[in-house]
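Data first, discussion second: the structure below is written as structure tokens.
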Amino acid sequence: MAQRVSGSPMNLSVRQIRYLCEVARQGSIQAASTSLRISQSSIIAAITLAEAEVGGRIFDRRPSRGVLVTPMGERFLTAARTFLGAETDFSREVGTLARQAPAAIRIACFEPFGAMFMPEVLRRYVDETGPVEIELLEGDQPQLRDWLASGSVDLAVTYDIGPAFTGSVTRICQVPLHALLAAGDPLAGKPAISIAELAERPLVLLDLRQTSTFLLMPFDGLSQRPQVTFRTRSYETVRAAVAAGFGASILNMRPLARVTADEKGLVRRPILDDLPAPTLIVVDIYGRQKPGFVQGLTGTIAAFFRDLGPSRFAVTTPEREAGLLCG
């Protein structure tokens, strides 16, 4: 579809304006036709339309001697060249946006991910693409949905729990539930435990909106539910409370960053029950028209977990590891 001049009553397309400028440069409709590799009739039609728009002749056509630009034509061509220069600059800038990251990017993530692995992922991304200012917003599931809906962030990294996210979703990996125990707990000596066994322990709960409901769901079918003795929004505080003897906890991902590794007083064990495993996802607001930097960052996140492998990011039985990576 022909691109029209924006913000004016003119019906000329950008292509037709280029035709007229080439006629003026070549001094001949025939020469412009050869240069542009289009028919002379297309050029004549563009000249006729332009002259109708401006209300006067742009070229004096001289048989066998080409064309001569009129004074009105000079004014038209001066404006046309200015417009075409701006259009070229615009196209170049849009092309740059498609290929490169902007000067600053805003990313949202599920709150525990901020310390757990996002800095290492973003370090890898910056090393691959070059310096960029990063603003990382950490929140619970409803906050992430609000930020995406308002366009406050380019993308969000989270789990697919709660209502479905609106936007383009890229699935990265599944992360099954596991138990976090104090090293002195008798269950810590077992290679894997059941939900029923975990229900007998006091529970330290990661109490984020929608997350807490999801973490308590595995106990719904049991005659005995665990007593929640400690609630906190902080993943780090969950670990500290378990180590301090307040009870066991049920979580998904293990810490991935070197600086957040578990202390010696904690033990993680897989859960034997066949429970739904949430999927770690990247949600963006662009649909199929993703800018290059969104595609690049999403690819970096996928490569990060692929390189780690399930044995590093999940706590599960060996036979369940093979199906955890998506795509």
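The values are calculated or read from the model by the stated rules, or taken from the named source; none is laboratory data. Computed from a predicted model, the values in this text were never measured in an experiment. Here Cβ is always computed from backbone atoms with ideal geometry, including for glycine, and neighbour counts include all displayed protein chains.
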For segment 147-159 the number of residues that are loosely packed, with under 14 Cβ neighbours inside 10 Å and either aliphatic (A, V, I, L, M) or over 15 Å from A104 (Cα atoms) (or both) is 2
Among the listed residues L308, L275, L280, identify the single one that is surrounded by 15 or more Cβ atoms within 10 Å (Cβ to Cβ) and touching a residue at least 60 places away in the same chain (Cβ under 8 Å). L280
Name every residue in segment 257-270 that is of a type in the set (A, V, I, L, M, F, W, C) and out of contact with any helix residue (DSSP H, G or I) (no Cβ under 6 Å at 6 or more places or on another chain), in order of residue number. V259, A261
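Against the condition in contact with an Asp or Glu (Cβ under 6 Å, 6 or more places away or on another chain) and within 21 Å of A108 (Cα to Cα), how does A257 come out, does it pass?
Values: in contact with an Asp or Glu (Cβ under 6 Å, 6 or more places away or on another chain): yes; within 21 Å of A108 (Cα to Cα): yes.
Yes, satisfied.
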Count of segment 230-244 residues which are in a helix (DSSP H, G or I) and not aromatic (F, W, Y): 8
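In this structure, is L308 within 26 Å of L144 (Cα to Cα) and touching a Cys at 6+ places or on another chain (Cβ under 8 Å)? Step through it out loud before you land on a result.
Working: within 26 Å of L144 (Cα to Cα): yes; touching a Cys at 6+ places or on another chain (Cβ under 8 Å): no.
So L308 does not fit the description; no.
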Could you please find all residues in segment 75-113 being under 19 Å from the mean Cα position of the chain (by Cα), of a type in the set (G, A, S) and at pLDDT below 95? G95, A98, A101, A103, A104
Checked pairs for segment 314-327, first free of Cβ contacts under 8 Å to residues at least 24 places away in the same chain, second loosely packed, with under 14 Cβ neighbours inside 10 Å, C-beta under 7 Å and 6 or more apart or across chains, list as E321/S311
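To keep it simple, each residue is scored yes or no on (1) in the same structural domain as M116 (by TED's automatic domain parsing); (2) over 23 Å from P278 (Cα atoms); (3) surrounded by fewer than 17 Cβ atoms within 10 Å (Cβ to Cβ).
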site	(1), (2), (3)
L208	no, no, no
S212	no, no, yes
L215	no, no, no
R225	no, no, yes
F230	no, yes, no
A243	no, yes, no
P255	no, no, no
Has segment 5-24 got at least one residue that is hydrophobic (A, V, I, L, M, F, W, C), at pLDDT below 80 and surrounded by 13 or more Cβ atoms within 10 Å (Cβ to Cβ)? yes
Just checking, does segment 172-186 include any residue being closer than 29 Å to K264 by Cα and charged (D, E, K, R)? yes
Can you pull out the residues in segment 176-212 that are within 20 Å of L136 (Cβ to Cβ) and of a type in the set (V, I, T)? T211
Restricting to helices (runs of 4 or more DSSP H) lying wholly in segment 119-224: which have 1 or more residues that are without any contact (Cβ under 8 Å) to a residue 24 or more places away in the chain and either in contact with an Asp or Glu (Cβ under 8 Å, 6 or more places away or on another chain) or more than 30 Å from P291 (Cβ to Cβ) (or both)? 195-199, 211-216
